[in-house]
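Asker: Before I ask anything, here is the structure I am working with.
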Amino acid sequence: MPDSPIYVTKPSLPPLDELIPYLEKIWETGILSNCGPFHQELESQLCDYLGVRYISLFNNATIGLMLAIRALDLSGEIITTPYSFAATSQSIEWNGAKPVFVDVESDSGNMDPEKIEAAITSSTSAIMPVHVYGQPCNSGRIQEIADKHKLAIIYDAAHAFGIKNRGESILNHGDLSVVSFHATKVFNTFEGGAIISNSIEMKQKIDSLKNFGLQGETTLQINGLNGKMSEVQAAMGLIQLKHIDKAIEMRKQISLRYDEGLKMIPGLTKLCKDSNINSNYSYYAICINKNCKLTRDEVQRLLAGEQIYTRKYFYPALSDFDHYIASAQSSGFGLTKARKLSREVLCLPIYPDLSMSECDQIISILKENL
Ligand code: T4K
């Protein structure tokens, strides 16, 4: 048993003394919020780091998703994935639109592009896929379908900080992408998030929307919200950026250790479609199928008995929540792969401070019992 409990993740925190000069500056200037100097600097540095043109910082990704939908004036039905976190479908509903769930690919957990067209109706305005665990969606195919039917695309890229495919940021795909900087994410600003857009006009619209929809003091362009990131959060982001490459490298080493240690266990596979991307190693998701000695839930209980706390991201599938079940069933789209994954996937602990010996303990418990 480990000396202290191991959770699925633990936030990366920089040395506290690196934050002090930033706090002193904030105290000196009295600028706490409303797109101050740290906020502007973080936007600029993130554009360079991520390889994107325009970024708008947010207080969290959920508000970012809600305002991304508002920025594109979407309504009616939005096609999305049931294999995600509640924020994906909730952001659609907060805009008075209806989430329509289509099934996923079993080897990635991402929306299956070939299921989209059957779900398009005259009310469909957009597609909202999720890059689950940071694995890129098949965005080329999704774009083709969106172009053919004149639909917008918003990527829920909450897990996709820094992911590149053949050297290009996947955050540039679609009309807008929304990334999360929550405490449990690879890059955290305590809470936080951002919308990536492709034009200065769209960035200006989003920046207005997150500031109540105001344009200057006397004009309200549209109903907005308060989605602004504070200066303390932005300062945290500036410091985190100095450490992010090292943090991702440490995650990579843990991921490789799991790959090696878990490869021969019957009925246990890693959920990973594309190993040729620059991953951020944010999640280590395993699939435990019927050929395994124990079920997924039994494996979770076994590890919990050893103070190792895994998570069933994403169980239940969104379409199986009471709130959605009736409409998901009446749509008639089989969601069997999403349901199967939600019953079989377990996310193992992965974070920079997880020691190799703790990682080895987890591997040993699984090898001895499965
Ligand atoms: N879209 C997708 C696809 C998402 O996955 C999410 C969020 C969003 C959109 C929305 O993004 P944000 O609006 O949050 O920016 C967590 C997170 O709260 C949530 O951000 C995340 N996805 C979701 C997948 O997971 P919980 O309920 O699992 O978190 P919690 O509190 O149980 O934390 C897990 C473990 O992490 C704990 O056992 C201990 C550790 N932990 C957590 C926190 C918050 C810490 O050590 N320190 C901490 O401060 O939801």
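The values are calculated or read from the model by the stated rules, or taken from the named source; none is laboratory data. From a predicted model like this one, the values you see are computed outputs, not experimental measurements. Glycine also receives a Cβ, built like all others from the backbone with ideal geometry; neighbour counts cover every protein chain displayed. Remember, those area values only see protein heavy atoms, side chains included, never the ligands or the DNA or RNA. Shrake-Rupley method; radii C 1.70, N 1.55, O 1.52, S 1.80 Å.
Asker: Taking θ as phi - 60°, what are the ³J(HN,Hα) couplings along the range 300-317 by the Karplus curve (6.51, -1.76, 1.60), each to the nearest whole Hz, with x for Gly and Pro?
Answerer: Per-residue couplings from phi come out as 4, 5, 4, 5, 4, x, 9, 6, 10, 9, 8, 9, 8, 7, 10, 10, x, 4 Hz.
Asker: Another one. 5 Å is the cut-off here: which amide hydrogens, built 1.01 Å from N in the peptide plane, fall below it relative to THR124, excluding neighbours closer than 5 in sequence?
Answerer: Hits under the 5 Å cutoff: GLU77.
Asker: Hey, what D do you get for the range 175-249 in µm²/s if you plug the Kirkwood alpha-carbon radius into Stokes-Einstein at 37 °C and 0.692 mPa s?
Answerer: Numbers: Rh = 13.8 Å.
Translational D for this selection: 239 µm²/s.
Asker: Rolling a 1.4 angstrom probe over the protein heavy atoms, how many square angstrom per residue are accessible across the range 319-370? Each step should come with its number before you reach the end.
Answerer: Working: 2450 Å² over 52 residues.
Here the per-residue accessible area is 47 Å².
Asker: What is the gain in length, in nm to one decimal, between HIS149 and SER355 on full extension, counting 0.36 nm per residue of separation less the C-alpha to C-alpha distance?
Answerer: On the way: separation 206, 0.36 × 206 = 74.16 nm, distance 4.92 nm.
Length difference between fully extended and current span is 69.2 nm.
Asker: How much accessible area does ARG339 have with a 1.4 Å probe, in Å² rounded to the nearest 10?
Answerer: Counting only protein heavy atoms, ARG339 exposes about 60 Å² to solvent.
Asker: Now for a separate question. Search the structure for amide H atoms under 5 Å from the amide H of GLN215, placed 1.01 Å from N in the peptide plane, and list their residues when 5 or more places away or on another chain.
Answerer: LEU220, GLN221
Asker: Which Cα, out of LEU171, ASN278, VAL102, lies furthest along the positive dipole direction of the chain (beta carbon charges, K/R +1, D/E -1)?
Answerer: Checked the options; the winner is VAL102.
Asker: Once label points are set 7 Å from the Cα along Cα→Cβ at both ALA118 and ASP73, what is their separation, rounded to one decimal in nm?
Answerer: 3.3 nm
Asker: Convert each backbone phi in the range 356-361 into a coupling constant with the Karplus relation 6.51 cos²θ - 1.76 cosθ + 1.60 (shift: θ = phi - 60°), then list the ³J(HN,Hα) values in order as whole Hz, x for Gly and Pro.
Answerer: Couplings: 4, 5, 5, 4, 5, 4 Hz.
Asker: Based on the mean of other beta carbon atoms within 10 Å per residue, what is the order of 94-100, 76-82, 348-354, most packed first?
Answerer: Working: 94-100: 19.0, 76-82: 25.0, 348-354: 20.9.
The densest-packed peptide leads the list: 76-82, 348-354, 94-100.
Asker: Of the DSSP beta bridges with both residues in the chain, give the percent that are antiparallel, rounding to the nearest 5.
Answerer: Values: 24 of 39 bridges.
If I count the DSSP bridges inside the chain, around 60 percent turn out antiparallel.
Asker: Additional query: Output wanted: per-residue J couplings in Hz (rounded whole) for the range 185-199, from phi through Karplus 6.51 cos²θ - 1.76 cosθ + 1.60, θ = phi - 60°, x for Gly and Pro.
Answerer: Rounded to whole hertz, the list is 9, 4, 10, 10, 10, 6, 10, x, x, 7, 10, 9, 10, 10, 9.
Asker: Take the solvent-accessible surface of the protein heavy atoms, probe 1.4 Å, and return the percent of it on the chain that carbon and sulfur atoms account for. Please list the in-between numbers first.
Answerer: Working: 8290 of 16340 Å².
Carbon with sulfur: 51 percent of the solvent-accessible area.
Asker: Something else now. Around VAL100, which amide H atoms from residues at least 5 apart in sequence, or from another chain, sit under 5 Å from its own amide H, with H modelled in the peptide plane?
Answerer: Long-range HN contacts for VAL100: ILE78, ILE79, THR80.
Asker: Rank by packing, highest mean first: peptides 246-253, 283-290, 151-158, with packing defined as the count of other Cβ atoms within 10 Å averaged across residues. Display every interim value, and only then the final one.
Answerer: Values: 246-253: 16.2, 283-290: 20.2, 151-158: 25.5.
Descending packing order for the listed peptides: 151-158, 283-290, 246-253.
Asker: Need one number: % antiparallel among DSSP beta bridges in the range 1-160, to the nearest 5.
Answerer: On the way: 1 of 12 bridges.
Of those bridges, close to 10 percent are antiparallel.
Asker: Now for a different question. With every protein chain in place, what's the accessible area of MET229 (1.4 Å probe, Å², nearest 10)?
Answerer: Accessible area, nearest 10 Å²: 0 Å².
Asker: Dipole of the chain, Cα-centred, from +1 at each Lys and Arg C-beta and -1 at each Asp and Glu C-beta, to the nearest 20 debye?
Answerer: Details: 35 positive and 42 negative charges, 165 e Å.
The calculation lands at about 800 debye.
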